[in-house]
Structure formats: C-alpha cells, structure tokens
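The values are calculated or read from the model by the stated rules, or taken from the named source; none is laboratory data. Note that the structure is predicted; figures quoted are calculated from it, not measured. Every residue, glycine among them, receives a Cβ derived from its backbone with ideal geometry; neighbour counts consider all protein chains shown.
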Amino acid sequence: MRVLVVGGGAREHALAWRLRRDGHAVWAAPGNAGMAADARLVPVEAADAPGLLAVCGRESIDLAVIGPEAPLVAGVADRLRAGGTPVLAPGAAAARIEGSKAWAMGFCRRHGIPAPATSVCATAAEALAHASSCALPVAVKADGLMAGKGVVVAADRPAAVAAAEAFAARGPVVFEEYLAGREVSAFALCDGRRAAFCGLARDHKRLLDGDRGPMTGGMGAFSPVPDVDPGAEAAIRAILDAAVAGMAAEGAPFVGFLFAGLMLTDRGPRVLEFNCRLGDPEAQALLPLWAGDVAEPCLAAARGALDPADAPRPMPGAAVGVVLACPGYPEAPAPGQSVPGLDADGRLAVPPDGALIFHAATVRRDGWRTAGGRVLTCVGRGPGLAEARRRAYAAAEAVRFAGARMRADMAAY
Ligand code: GLY
C-alpha cells in the first residue's frame, strides 16, 4: 500500500515507522528530518489541502492518515476525500468532537455518555460571573483547540477568575465539575458506524515528576494501564461505542481514531474530553504494541467497512515512551543543542534491546540538533512495564542533550 502520513511530530513518526515496518511505502507531509529514514518527505504543510491533494494524485496514494487535530477541525480530510483518496480521519463535522469542548459536553449529555456536570459561558462577563461564584475546585477550559494547554484546574477563586479571563479572550469558556481520580486515554478505530477498541494508555501532561509544574503537550506515555480493571474497561468500551453511534445518529459519522480522555472515578469512568485522532505521546507507546498489519484495518475503516475482528489490538507486553524536551520548554523553548547517540539516519546508534526513537523536532546540522520544544520520544518495549521502562530510560540516557527536560517517573509503579 502507498500511504501518506500528514503531520510532522513524534506521533506521525511512530505512524510512519509502523507502516513502513508493516511493508508499506510511506510519504510524510511535511514530516520532520528524523522521519526521513521511514518516509519520503514532501514539503507540504498539514493545513495545505490543495498541496496534499496534489501529492495524493502524483504518488497514487492508497490511504492518507492525518495525525494532528488542527487540519481535521479545518476540514482537510473532507477535501482529500472529495478528491477521491481514502482518508483515515474525520471530516470537519465529526472533528467538532474535539474542536469544541462545549459541543462535546452537550453531545455527551444528548447520548447519555457519563461526563462531569458542565456550564458553558458564551461571553467574558458570564465567564467571570461564573468563576466568581462556582463551587471549587473547578476545571476551566477554553472551548477551542489549545494544543493541550487549554485546561486549568483551579483550586481557589483567584485561579478560577484568572483562567476564565484568559480563556474568555479566545471564545466561550467551559466550566466542569472537578473529578478526582486517575486519567486514562482510550482509543478506537472507527469507520463511521463501528468503534473497534484498540487499547488504553496513560500520558503525563505536567512537566515535572509527581504531576507537578506547568501543562505541556505531554511528557511521556505508557501502555497498558495496570489500574484499569475489566469492569472499567468494559465501561470504557461502551463509551466509545456510544460515541460512534451518537455521531452517526447526529449525521456526522466519525471515521478515524477516536480518543476518549477519561477520569477513572469511584462511580466509573467519566469523559473529560474527546479527541479526533491518536494521542501524542500515547501513539508512540501504542503503535509498537499493535499486532498485525495496521494499514489494512485503517484502509477498511477509511472505506466504511471495518471488521472489528481485524482492528489493531495490543499484543501482550508493554511500552513506555519518555519525551525529551529542550531547555526552557514549555514556557520559552530554547533549542539548538547537539543530540548525541544517533546514527546518520537519526536512529539510536547503539539501541538498547527493544528501544525505539521517534523524532518530533530535530534538524541535521553537524550531526543532529534540537529544533523545537518536544524533541524526541524514547520508547522501550518489554514483557512488562518495568522492563519497558528500564529500556526507555536507557535510550533516553543515550540521546540526552544538554539541558534536556525529561520526567523520571514515567510508568513508575
Ligand atoms: N496526549 C494528549 C493529546 O494528545 O491530546
């Protein structure tokens, strides 16, 4: 199969690596320097629908997979589909499940999907009034896309008011009942009518060990998640099924990877958000674990004909991904450091057993250098989380550059 991966982060590198490993020819638009060993890079941005259409035609692409949310919310998948390419990704109508948190929480209510109690404030005045009187703590969210940085859990009144003020400048503000518990990310491959469960992962969005410090795009992830018992997993699968059925019933069938961000509460899992794509860094942990040829079920889903029995599902074993970010990330990233331990193709020069490396922001200049906030995801695979973790950190030590920001407690159970 000839597959186009759209996007240029470590999630897209993991997709390209996996598709190539499964024997497919892979193009990446725009990709990144570290993906060149796994994909042919084409200098077309993920938002450039006419440019992507031209690539699909020129390279006779059989399947396009779009990684990041912004082009999905902007309707890039619709444009490619209209041009005749099978696309594993939702169109704009279905991507709204991520593009508007207010809409997504209303959707949960309409379809009986368990979610926190929510208030949506359309204006800054309403948001400030609500922040000044609501129960605390409260989760304050920007309605639209914020690259993972649109949520503040406010423990006190000044924090709630400050978050409301900041987010109201960008549009509606969503206030959600605070839920205590552990978070989990759940994924299903969807063909518009069916949701085929394909695994759980947990990411860590805060910069510092112990889930402290500022929110980031994600500092690492692991799979499987040992504290999800069979009862909770069954409830999570039912949520994914209900979401796909609900989207179809509302005339916006969801095709692609549906990602439910959930809180495990003592009353069962509750949806904190839906995303319309694979998670980053969850994808870097999940993709190496999936059995079989990943492209075939993706193409079947893109064509609306997925057999759930063929969906990607995790093999026994575990994977842990650890992100290395550049100094100053996330507030003021200051890239440019030399990255040791990589060969000319950007792979680990001396790979620890079961270790992989996925690039997000590197350039080749006198060897390899950092070129952005989150730079690399180092992934360890093993029979269980402990060994996978040991291998991930061995890989991370091999490529650790000056001033790298990295959590030391990924999957530390
Ligand atoms: N890891 C969370 C996200 O991809 O949004």
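Set side by side, the residues P269, P288, P308, P312 differ, and just one is away from the ligand (no atom under 16 Å from the Cβ), modelled with pLDDT of 95 or more and over 16 Å from A221 (Cβ atoms), which is P269. From the list S133, S100, the one residue that fits, being farther than 19 Å from C276 by Cα and not charged (D, E, K, R), is S133. Sort out which residues of region 180-209 are at positive phi and modelled with pLDDT of 95 or more, and write them in order of number. G192, G199 - these are the residues of region 180-209 that are at positive phi and modelled with pLDDT of 95 or more. With the structure loaded, tell me whether A402 is in a loop (DSSP other than H, G, I, E, B), at pLDDT 95 or above, under 15 Å from G34 (Cα atoms) and more than 20 Å from the chain's Cα centre (by Cα) or whether it fails that test. It is false that A402 is in a loop (DSSP other than H, G, I, E, B), at pLDDT 95 or above, under 15 Å from G34 (Cα atoms) and more than 20 Å from the chain's Cα centre (by Cα). Selection of region 293-305 for residues being under 17 Å from G91 (Cβ atoms) and part of a loop (DSSP other than H, G, I, E, B) yields R303, G304. Within region 341-376, the residues that satisfy the criterion of being surrounded by 14 or more Cβ atoms within 10 Å (Cβ to Cβ), touching a helix residue (DSSP H, G or I) at 6+ places or on another chain (Cβ under 9 Å), assigned to a loop (DSSP other than H, G, I, E, B) and in contact (Cβ under 8 Å) with a residue 40 or more places away in the chain are G341, G346, R347, P351, P352, A360, A361, A371.
Taken together, the residues in region 195-208 that are out of contact with any Leu (no Cβ under 6 Å at 6 or more places or on another chain), part of a strand (DSSP E or B) and not hydrophobic (A, V, I, L, M, F, W, C) amount to 3.
Is there a residue in region 56-70 that is within 18 Å of the chain's Cα centre (by Cα), away from the ligand (no atom under 16 Å from the Cβ), free of Cβ contacts under 8 Å to residues at least 60 places away in the same chain and surrounded by 24 or more Cβ atoms within 10 Å (Cβ to Cβ)? No, every residue in region 56-70 fails to be within 18 Å of the chain's Cα centre (by Cα), away from the ligand (no atom under 16 Å from the Cβ), free of Cβ contacts under 8 Å to residues at least 60 places away in the same chain and surrounded by 24 or more Cβ atoms within 10 Å (Cβ to Cβ). Listed by first and then second residue, the pairs with beta-carbon distance under 7 Å, at least 6 apart or on different chains, first residue in region 270-283 and more than 13 Å from L240 (Cβ to Cβ), second near the ligand (Cβ under 6 Å from one of its atoms), are G279/D203; D280/G218; P281/D203; P281/G218; E282/D203.
Note on region 1-51: residues that are within 18 Å of the chain's Cα centre (by Cα), farther than 21 Å from R369 by Cα and part of a loop (DSSP other than H, G, I, E, B) total 2. Within region 120-148, residues that are closer than 30 Å to Y329 by Cα have Cβ atoms under 8 Å from residues that are among the polar types (S, T, N, Q) in these pairs: D143/S100; G144/S100; G148/T216, counting only partners at least 6 apart in sequence or on another chain. When the strands (runs of 3 or more DSSP E) confined to region 52-143 are screened for residues that are over 21 Å from P269 (Cβ atoms), those reaching at least 3 such residues are found at 63-66, 118-121.
For every residue, the table says whether it meets (1) in a loop (DSSP other than H, G, I, E, B); (2) surrounded by 15 or more Cβ atoms within 10 Å (Cβ to Cβ); (3) within 13 Å of the ligand (Cβ to nearest atom).
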| residue | (1), (2), (3) |
| --- | --- |
| G148 | yes, yes, yes |
| A164 | no, yes, no |
| A180 | yes, no, no |
| R193 | yes, yes, no |
| G210 | yes, no, no |
| V225 | yes, yes, no |
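Here's the yes/no breakdown for (1) of a type in the set (V, I, T); (2) modelled with pLDDT of 95 or more; (3) in contact with a strand residue (DSSP E or B) (Cβ under 7 Å, 6 or more places away or on another chain):
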| site | (1), (2), (3) |
| --- | --- |
| L145 | no, yes, no |
| V151 | yes, no, yes |
| A155 | no, yes, no |
| A163 | no, yes, yes |
| A166 | no, yes, no |
| R170 | no, no, yes |
| E177 | no, yes, no |
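Only one of the numbered conditions (1) part of a loop (DSSP other than H, G, I, E, B); (2) buried (at least 19 other Cβ atoms within 10 Å of the Cβ) is violated by V174, and that is (1). Taking P335 as the residue in question, decide whether it is touching a Lys or Arg at 6+ places or on another chain (Cβ under 9 Å), touching a residue at least 60 places away in the same chain (Cβ under 8 Å) and part of a loop (DSSP other than H, G, I, E, B). No: the conditions fail for P335. Here the condition is being more than 16 Å from the ligand (Cβ to nearest atom), surrounded by fewer than 19 Cβ atoms within 10 Å (Cβ to Cβ) and closer than 24 Å to D143 by Cα; of A238, A249, it holds for A249 alone. When region 13-27 is filtered for residues that are closer than 24 Å to V399 by Cα and out of contact with any Phe, Trp or Tyr (no Cβ under 6 Å at 6 or more places or on another chain), the ones remaining, listed by number, are L15, A16, W17, R18, R20, R21.
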